[in-house]
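Down below is the structure, laid out as structure tokens.
The values are calculated or read from the model by the stated rules, or taken from the named source; none is laboratory data. The structure displayed is predicted, hence computed values, not measured ones. Counting neighbours? That spans all protein chains shown, and the Cβs are built from the backbone with ideal geometry, glycine included. Only protein heavy atoms, including side chains, enter the accessible area calculation; ligands, DNA and RNA are left aside. Shrake-Rupley method; radii C 1.70, N 1.55, O 1.52, S 1.80 Å.
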Amino acid sequence: MKTPIYLDYSATTPCDPRVVQRMLPFFTETFGNAASRSHAFGWTAEAAVEEARSQVAQLLGAHPKEILWTSGSTEANNLAIKGTAQMYREKGNHLITAITEHKAVLDPMKHLETQGYEVTWLPVDRKGHVDLDQLRDAITDRTILVSLMAANNEIGTLHPLAEIGAICKQKGTLFHTDATQAAGKIPLDVEAQHVDLLSISAHKMYGPKGVGALYVRRKNPRVRLTSQMDGGGHERGMRSGTLNVTGIVGMGEAARICREEMATEVPKLMALRDRLEQRIMKALPDAVLNGDPQARLPHLTNISFPYVEGESLIMGIKEIAVSSGSACTSASLEPSYVLKGLGLGDELAHSSIRFSLGRFTTEQEVDFAADRLIAEVTRLREMSPLWEMVQEGVDLSQVKWTMH
Amino acid sequence: MAYSDKVLDHYQNPRNVGSLDKDDPNVGTGVVGAPECGDVMKLQIKVDDHGSIVDAKFKTYGCGSAIASSSLATEWLKGTTVDAAAEIKNTQIVEELSLPPVKIHCSVLAEDAIKAAIEDWRKKQAAAKGAAAETK
Ligand SMILES: Cc1ncc(COP(=O)(O)O)c(C=O)c1O
């Protein structure tokens, strides 16, 4: 077993070797520009792009013509949100989202607020769910778009897409979902789930970085977008720029593998995740599972370890690559806004770790990771004044702390 | 984030982890920080009749730099005098551990913890003297 062990598949995945094999010729031999109409180099590239488009469409239950290539989910989200907001400005100026969305949704929304749009920021409950009645009540005849993610990237909570989609359809507003974390992990079907726009990214599903896609509904209703990138009129004018053929081919192959193997891959991931979780919880019974223990991604678990601080914990388990909910690691001292959004106290947010497993994770790795983690939490607790106080029977919420 | 070798060393082999009897009149205890800010330090000193620090212990909830700052502080405290300890500045800790700007607050917290422990010890001493004067 090689260390460090990678348990951060929600941050990014390695390319599947089959994806790389499929991509290789497009760097050197079949390197044409998919927009070149006058020779075979271009035709070959175009054919490969269209094949990939249909692979991605199949993963989503969409028509290939409804798939638009982007540089990733950040761009897909920006295009979906700003593109509809601008296109449908005559209808209204209102958009709805939730406080636990990824920054690639929150920040475009904030940008729109500075341009005269109004945004409703829905709160979530302890498990990360929005209240569907509250969503329904928030939609008015001036609402252009509801954007709610399929699966949360920090805690894995799944939003009930079909129910949200039905509400949006009934109320006559568009529904966008950021499915970056969900694609390939849970079944997606834009028809059954009444989704109008959907973002995905190749590097979260064993494809290359820097390529993604936006699904844009073509019928019932036909969704139109104001382009955010103008130029040669590629992608039916909605997103100009020479296509990243190599990346697109990789994304198509990645989508094919996910679709064909999901039925066997997902139960395996879930079993490994449960194994990890159970081993940790058994040894550290006061650890807290964040999010929804039922409606969640199969490969992810987010756990808080009270009385030890996340960054020091990550530092102690450097044989394991994981993410911390304490953004101390990213140069700001703010704990994760997602965990705070759930109503978690700052100290629990500061002590949380996200483990995300993937296609190449083994049982041996999971056991090793759990044991290292348990040992380190135990060591840090011995060093923790909070743990000592709790052992002495002190109620930490009653202590007067000195803020600084 | 890259940590300096000294931070890593203190984090992996923290010096003087533990607790002294907080009810002992010769022990000063300082607890600073707050769990919601991501760090809490408890620093204790034991002082002899000549004002020398004969023992120092810490427990810290916080990032690696916070643990290292308090571990280093106990090393510096042991064997020095209360008066010299009161002069320890956070900038010395920053320099010794090569702390980056985002971690300077850890050193500030350590300085505060030293001051709080000294303050606690002084209060106890004054109270003990007062009590001794009364019984006379
Ligand atoms: C939910 C979610 N949305 C969007 C993104 C951004 O995707 P990309 O890296 O493709 O821009 C991520 C990745 O961090 C994500 O997890």
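Within the stretch A:204-222, at least one residue is within 16 Å of the ligand (Cβ to nearest atom), in a helix (DSSP H, G or I) and of a type outside the set (Ser, Thr, Tyr).
What residue, of A:Val308, A:Val399, is surrounded by 22 or more Cβ atoms within 10 Å (Cβ to Cβ) and more than 30 Å from A:Val130 (Cβ to Cβ)? Answer to the check: A:Val308.
Checking each residue in the stretch A:376-386 for being surrounded by fewer than 18 Cβ atoms within 10 Å (Cβ to Cβ) and in contact with a Lys or Arg (Cβ under 7 Å, 6 or more places away or on another chain) picks out no residue at all. When we screen B:Gly51, B:Gly33, B:Gly28, B:Gly62 for residues that are more than 11 Å from the chain's Cα centre (by Cα) and more than 7 Å from every other protein chain (Cβ to nearest Cβ), the only hit is B:Gly51.
Just to be sure before I move on: is B:Ala84 assigned to a helix (DSSP H, G or I) and either buried (at least 18 other Cβ atoms within 10 Å of the Cβ) or within 14 Å of chain A (Cβ to nearest Cβ) (or both) in the structure I sent? The answer is no for B:Ala84. Pairs meeting the criteria (first residue in the stretch A:143-159 and in contact (Cβ under 8 Å) with a residue 40 or more places away in the chain, second residue more than 9 Å from the ligand (Cβ to nearest atom) and among the aromatic types (Phe, Trp, Tyr), beta carbons under 6 Å, at least 6 apart or on different chains) are A:Ile144/A:Tyr88; A:Val146/A:Phe175. Of all the numbered requirements in (1) surrounded by 17 or more Cβ atoms within 10 Å (Cβ to Cβ); (2) facing chain A (nearest Cβ under 10 Å), B:Gly18 misses one, and that requirement is (1). Restricting attention to the stretch A:241-272, the residues being hydroxyl-bearing (Ser, Thr, Tyr) and either part of a helix (DSSP H, G or I) or within 18 Å of A:Ser356 (Cβ to Cβ) (or both) number 2.
All conditions in (1) more than 30 Å from A:Met1 (Cα to Cα); (2) at pLDDT below 90 hold for A:Thr329, with the sole exception of (1). What is the residue count in the stretch A:351-404 for residues that are away from chain B (no Cβ under 14 Å) and over 34 Å from the mean Cα position of the chain (by Cα)? The total comes to 1.
B:Ile118 meets each of the listed conditions (1) in a helix (DSSP H, G or I); (2) open to solvent by 20 Å² or more (accessible area, probe 1.4 Å); (3) more than 10 Å from chain A (Cβ to nearest Cβ) apart from (2).
Conditions (1) touching a Leu at 6+ places or on another chain (Cβ under 6 Å); (2) under 15 Å from A:Ile67 (Cα atoms), marked per residue:
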site	(1), (2)
A:Gly212	no, yes
A:Arg222	no, yes
A:Met238	yes, yes
A:Gly241	no, no
A:Ala263	no, no
A:Val266	no, no
A:Met270	no, no
A:Phe305	no, no
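Being within 14 Å of the ligand (Cβ to nearest atom), on the phi < 0 side of the Ramachandran plot, at pLDDT 95 or above and polar (S, T, N, Q), is that true of even one residue in the stretch A:185-202? Yes - at least one qualifying residue is present in the stretch A:185-202.
Within the option set A:Ala40, A:Ala48, being more than 30 Å from A:Leu276 (Cα to Cα) and surrounded by 15 or more Cβ atoms within 10 Å (Cβ to Cβ) holds for one residue only, A:Ala48. Against the test of being in contact with a strand residue (DSSP E or B) (Cβ under 6 Å, 6 or more places away or on another chain) and away from every other protein chain (no Cβ under 14 Å), the options A:Arg296, A:Arg275 yield a single qualifying residue, A:Arg296.
Listed by first and then second residue, the pairs linking a residue in the stretch B:6-29 that is among the polar types (S, T, N, Q) to a residue that is at pLDDT below 95 and open to solvent by 50 Å² or more (accessible area, probe 1.4 Å), with Cβ atoms under 7 Å apart and 6 or more places separating them unless they lie on different chains, are B:Thr29/B:Lys22.
Every condition in (1) within 13 Å of chain A (Cβ to nearest Cβ); (2) open to solvent by 60 Å² or more (accessible area, probe 1.4 Å); (3) assigned to a helix (DSSP H, G or I) holds for B:Thr91 except the one numbered (1). Against the condition assigned to a helix (DSSP H, G or I), within 25 Å of A:Thr30 (Cβ to Cβ) and either within 14 Å of the ligand (Cβ to nearest atom) or in contact with a Lys or Arg (Cβ under 9 Å, 6 or more places away or on another chain) (or both), how does A:Arg236 come out, does it pass? Here the answer is yes, as A:Arg236 does meet what is asked.
The residues of the stretch A:88-114 that are in a helix (DSSP H, G or I) and surrounded by fewer than 17 Cβ atoms within 10 Å (Cβ to Cβ), listed by number, are A:Lys103, A:Asp107, A:Lys110, A:His111, A:Glu113.
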